[in-house]
Amino acid sequence: MILYQQLTSYKTELKKKRNEIEMGLPGFIRSILYKLNDKKSGVIKADLISIFEDYLKVANPVFAWDISVLIMEMKAKDIEVAVRSFNNRLAIPEVGFLCNALIGLTRGEYQSETLASLAREMDIKSKENIKRELEKRPSKVLIACIPLFAISFLAIGYVMLQAMTGGLATLSQ
C-alpha cells in the first residue's frame, strides 16, 4: 500500500500543479494581452522577451519556472521554437492558442481578433474558477463545524443528564 502510494504520488502532484496553473492562467494570459495591446495607436507590439521578463517580476510561483525557461530559450534559440516548447511543457489548450497568436505576431500577421477572442475566453474561465473556489468553501466550513456540533451535543447532554440525576435525587427523598 505504501509502495503503491509512493509510486503514484507524482500523479497527484502533477494534477495539483495543473490545477494551480489552470487557476492562474486567466491572469497570466490577460497580463500578456494587456502588454501586447497599445490602446493609443491600435498597433500591437511584439517584443516578447521584454513582455515575459516584465511578467516574471509578478508571476505566480506556479509559472515562474516555466516563464524563466521560456525567456532563456527565447534568448538562446529562436523565439518560435521557444514558444512552441513552452506550449508543449504546459500542454493546456488556452496556452496553445496564445502561443499560436504570439508566433503569428512575430511573423507580422494580424492577430487582434484572435487575441480579443482569447481575452473573452479568459474572462469566462476566470468566472468559472471563482465559482469553483466558492463551491469548495461550504464543504470546508461544514467539515470544520462537525467537531463544534459534537462538543456542543456532548455538553448539552452532560448538562441534561446532571439535571435529570439531580431531579431524580430530589424526588426520591
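Note down the nm distance, to one decimal, between modelled labels 7 Å out along Cα→Cβ at R132 and at A76.
Each label point lies 7 Å from its Cα, and together they span 3.2 nm.
Counting only protein heavy atoms and a 1.4 Å probe, tell me what percentage of the range 1-136's accessible area is made up of carbon and sulfur.
57
Could you tell me which residue out of M74, V62, L98 lies farthest along the dipole of the chain toward its positive end? Charges go on the beta carbon: Lys and Arg +1, Asp and Glu -1, centred on the Cα centre.
V62
How large is ³J(HN,Hα), in whole Hz, for each residue of the range 98-112 in order, when computed from phi with the Karplus curve 6.51 cos²θ - 1.76 cosθ + 1.60 and θ = phi - 60°, using x for Gly and Pro?
4, 5, 5, 5, 5, 5, x, 5, 5, 7, x, 7, 7, 10, 5
For the chain, modelled as a Gaussian network with Cα springs under 10 Å, which listed residue fluctuates most, R18, R137, R30?
Residue with maximal mean-square fluctuation among R18, R137, R30: R137.
Determine the dipole magnitude for the range 1-105: charges of +1 sit on the beta-carbon of Lys and Arg, -1 on that of Asp and Glu, nothing else is charged, the reference point is the Cα centre, and the result goes in debye to the nearest 20.
180
By how many degrees, between 0 and 90 and to the nearest 10, does the Cα long axis of helix 79-90 differ from the longest principal axis of the chain?
Tilt of helix 79-90: around 20 degrees.
On C-alpha positions alone, give me the angle between the axis of helix 2-36 and the longest principal axis of the chain, in degrees, nearest 10.
50
As I understand it, the dipole of the chain uses +1 on the Cβ of Lys and Arg and -1 on the Cβ of Asp and Glu, about the Cα centre. Which of L3, N129, A150 lies farthest toward its positive end?
A150
Output ³J(HN,Hα) for the range 146-152: one whole-Hz value per residue in order, computed from phi by the Karplus curve 6.51 cos²θ - 1.76 cosθ + 1.60 with θ = phi - 60°, and x for Gly and Pro.
After applying 6.51 cos²θ - 1.76 cosθ + 1.60, I find 4, x, 5, 5, 5, 5, 5 Hz.
Which of K17/K125; K17/K75; K15/K136 have a Cα-Cα distance over 19 Å?
The answer is K17/K75.
At a 10 angstrom cut-off on C-beta neighbours, averaged per residue, how do the peptides 21-28, 88-95 rank from highest to lowest?
21-28, 88-95
Which one of L48, T170, M23 has its Cα pushed farthest toward the positive end of the charge dipole of the chain, where Lys and Arg give +1 and Asp and Glu give -1 at the Cβ?
Highest projection toward the positive end goes to T170.
Which entry in (1) 20.3; (2) 16.8; (3) 22.6 is this structure's computed Kirkwood radius over Cα pairs in Å?
Entry (1).
The values are calculated or read from the model by the stated rules, or taken from the named source; none is laboratory data. What you see is a predicted model, and the numbers here were worked out from it, not measured in a lab. In this analysis, Cβ positions are derived from the backbone assuming ideal geometry, glycine residues included, and neighbour counts consider all displayed protein chains. We work out accessible area using only protein heavy atoms, side chains counted, and drop any ligands, DNA or RNA first. Shrake-Rupley method; radii C 1.70, N 1.55, O 1.52, S 1.80 Å.
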